[in-house]
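In what follows, a structure is listed as structure tokens, so that the remarks can point back to it.
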Amino acid sequence: MASRQGEGTSRRALLKGATLAAGAVAAPAVAAEGGAAAPVDVIVVGAGMSGLCAARALRSQGRSVLVLEARDRVGGRTKPGAIAGVKIDLGGMWVGPTQTRLLALGEEFGLQRYPSFIEGKNITEIGGVMRNGSRDTPGVALSSLPEFLGLVSKIGGLSRTVPLEAPWTAPDAARLDSMTLATWVEQNVRSPALRTVMESISSSIMAADMSQTSMLYFLFYCHSGDDLVTLAGMGSGAQKWLYRGGLNQVGARIAAELGEAVRLNAPVRRIAQDAAGVVVTSDAGAFRARRVIVAVPPALAARIDYAPGLPALRDGLCQRLPMGSTIKFWIAYPRPFWRDAGLNGLVLSDRTPVGLYTDVSPDAAGPGLIAGFFEGSHAVAWGQRTAAERKAQIVGDLTRLLGPQAAQPIDYVDNDWPSEEWSRGCYVGVAGPGVISVFGEALRRPVGRIHWAGTETSTVWCGYVEGAIRAGERAAAEAHAALAA
Ligand SMILES: Cc1cc2nc3c(=O)[nH]c(=O)nc-3n(C[C@H](O)[C@H](O)[C@H](O)COP(=O)(O)OP(=O)(O)OC[C@H]3O[C@@H](n4cnc5c(N)ncnc54)[C@H](O)[C@@H]3O)c2cc1C
């Protein structure tokens, strides 16, 4: 490990006495060690999974770090909650087989996984017709299987033409980025049921309606998450496992390791660069560093003030990557009673404002837990109602779909992500037409001493915790290399 001389002392001094005024940008270059507010090598903005993993990677390379987090908790879009006495995730929760960095961290921290429950029949209700199916991807029961497979193969072929590092260089980038996913589906999918399934897939993987998503971005997203079936699949894809006690424990464990280097209640307002360093001004004071990693989604990075101002390309990108919309809920019953009737609790219906219901019970003995999502425009509409109204809607729909026992839940909890000041939505920032082909190259390009992390910048599993981890580690490597140069 490289030298970390004085790091512990200087970090403590920094945390105790760091009260530089915002005008400190005019102060001499990065101060020598031992001062009242000795600089760190790298300040990380945001203690989501990306920022935490960036800080951890830098630490392991002998760099001193300070993580400034706006909220009073770490984890960002991963968040602990509880229902019927069970610890759960109110944000990101599933992990799939190719999400290798997250799987490795889970193993390192000794977390236990359990599989999504998919044995038995799922329910698909589209256009007033209800069917049971047993396929991994619900909804196929109501469309023709050959057409579905043809569509998957067509999207797969197109998505593989989109280079992950530079989607804007795809052979047909300009045309694909000139249309929404909705337009493409209208032109390429004949079956109305399959169009509905595509709408459901779009909202369940990005929390945005097909009409809000560029076709080029959708193809990049599919390629980044392996393929459409992996993204949407429950039993073998991105939704294969959950963590007992919650995925959010991974971030909490990393934050515990980082200790005092993580500063909560410290929203960053301004990042000022000069020839020798960076001054990052937060509500908890101003701090100096040699480099900074901004590990927040572009929509939130846009709310920080930069001096000098960001280049037009980067600023233009930040203006054009709005967050998707999701309200995630959990509802609890004494047992997963639907399993008695041979159902697996997986429901896709166009008659409810909830895109997808899934059985996420950790134990067959109970409690029986169903998690689901109001997504895209449904989340926007239902965010204007109360949690009690949302619960009443869900209980009514589940009673119709799963039977009368669904009318008696023992607990309910939901989380309205678009209303959270430091997320403003989820699962991911989504590009509409004309964004990636024109502004995409600014996604990861450093601006002076500023490096960009966050799942939105990941080439692999963009939008997922896996992408957040990889992006954090990539930005850490960039900053480390720049410091060594
Ligand atoms: C409901 C929901 C379900 C999801 N399901 C899954 C799933 O099952 N599997 C999966 O892999 N992914 C899932 N995701 C997505 C996944 O959670 C995210 O991709 C991932 O957590 C993003 O991490 P991040 O570090 O890039 O960003 P964030 O988690 O958004 O972290 C950014 C951090 O920066 C902080 N911040 C923002 N602005 C400032 C500022 N100015 N100053 C200081 N701090 C700031 C925020 O408070 C936050 O802590 C889900 C997300 C949600 C919300």
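Every number in this text was worked out from the coordinates using simple rules, so none of it is lab data. Since we're looking at a predicted model, the values are computed, not measured. Because the Cβ atoms are built from the backbone with ideal geometry, glycine has one as well, and the counts that use them run over all protein chains shown.
Here are some notes:
- Computed [θ] at 222 nm, deg cm²/dmol, the chain (DSSP H ≥ 4; -39,500 (n - 2.57); rounded to nearest 500): -9500 deg cm²/dmol
- Think of each Lys and Arg Cβ as +1 and each Asp and Glu Cβ as -1; about the Cα centre, that makes the dipole of the chain roughly 720 debye.
- Within the chain, antiparallel bridges make up roughly 70 percent of the DSSP beta bridges whose residues both belong there.
- Distant-in-sequence amide H partners of LEU356 (H built 1.01 Å from N, under 5 Å): PHE373
- Acute angle (nearest 10 degrees) that the helix 387-402 long axis makes with the longest principal axis of the chain, alpha-carbon atoms: 40
- Couplings for segment 157-169, taken from phi via the Karplus curve 6.51 cos²θ - 1.76 cosθ + 1.60 with θ = phi - 60°, read x, 5, 5, 6, 7, 9, x, 5, 6, 8, x, 5, 9 Hz in order; Gly and Pro are left as x.
- Residue among ASN344, LEU369, ALA379 farthest towards the positive dipole end of segment 338-386, charges placed on Cβ: ALA379
- Stokes-Einstein diffusion coefficient of segment 215-266, Kirkwood radius over Cα pairs, 10 °C, 1.306 mPa s, in µm²/s: 115
- Extent along principal axes [Cα atoms of segment 272-390; Å; largest to smallest]: 68, 30, 24
- Charged neighbours of ALA392, selected by a Cβ distance under 14 Å, balance to +1 (K, R count +1; D, E count -1).
- Value of D in µm² per second that Stokes-Einstein yields for segment 390-485, Kirkwood Rh from Cα pairs, at 25 °C (0.890 mPa s): 145
- Column: log10 I(q)/I(0), Debye, Cα scatterers of the chain, q = 0.08, 0.10 Å⁻¹: -0.48, -0.74
- Of LYS79/LYS121; LYS87/LYS121; LYS79/LYS240; LYS154/LYS328; LYS121/LYS240, pairs whose Cα-Cα distance is over 25 Å: LYS79/LYS121; LYS87/LYS121; LYS154/LYS328
- Modelled label positions at ILE410 and ASP363, each set 7 Å beyond Cα in the direction of Cβ, lie 1.1 nm from each other.
- The value of relative contact order for the chain, using C-alpha pairs under 8 Å at least six residues apart, is 24 percent.
- Distances between placed amide hydrogens fall under 5 Å for ARG270 paired with THR281, ASP305, all partners being 5 or more residues away or on another chain.
- Calculated SAXS-style log₁₀ I(q)/I(0) at q = 0.18 Å⁻¹ - segment 106-262, Debye, Cα scatterers: -1.10
- Cα-projected label distance for ASP340 with ARG400, points at 7 Å along beta-carbon direction, nm: 2.4
- For segment 238-325, the residue among GLN249, SER282, ALA261 whose Cα projects farthest onto the positive side of the dipole built from Cβ charges is GLN249.
- Were the residues from MET130 through ALA275 laid out at 0.36 nm apart, the gain over their Cα-Cα distance would be 45.7 nm.
- Between THR169 and THR98, the modelled label-to-label distance comes to 2.1 nm, taking each label 7 Å out from Cα in the direction of the beta carbon.
- Residue separation of ALA484 and SER419 scaled by 0.36 nm, minus their Cα-Cα distance, works out to 19.3 nm of gained length.
- Using the alpha-carbon positions of segment 316-449, Rg (one decimal) and Dmax (whole number) come out as 18.5, 61 Å.
- Residue-wise HN-Hα coupling along segment 145-155, computed from phi with Karplus coefficients 6.51, -1.76, 1.60 (Hz; x: Gly, Pro): 4, x, 5, 4, 5, x, 5, 4, 5, 5, 5
- Amide H within-cut-off set for ARG244, under 5 Å, with H built and near neighbours excluded: GLN112, ARG113, TYR114
- Rounded to the nearest whole Hz, the Karplus-based 3J(HN,Hα) values (6.51 cos²θ - 1.76 cosθ + 1.60, θ = phi - 60°) of segment 197-212 follow the sequence 4, 5, 4, 5, 5, 4, 6, 7, 9, 10, 6, 9, 5, 4, 6, 9, with x at glycine and proline.
- The chain: angle of helix 49-60 to the longest principal axis, Cα-based, in degrees nearest 10: 40
- Between GLU186 and ALA388, residue separation times 0.36 nm minus the direct Cα-Cα distance comes to 69.1 nm.
- Dipole axis of the chain (+1 Lys, Arg; -1 Asp, Glu on Cβ), positive-most option in LEU111, MET206, LEU356: LEU111
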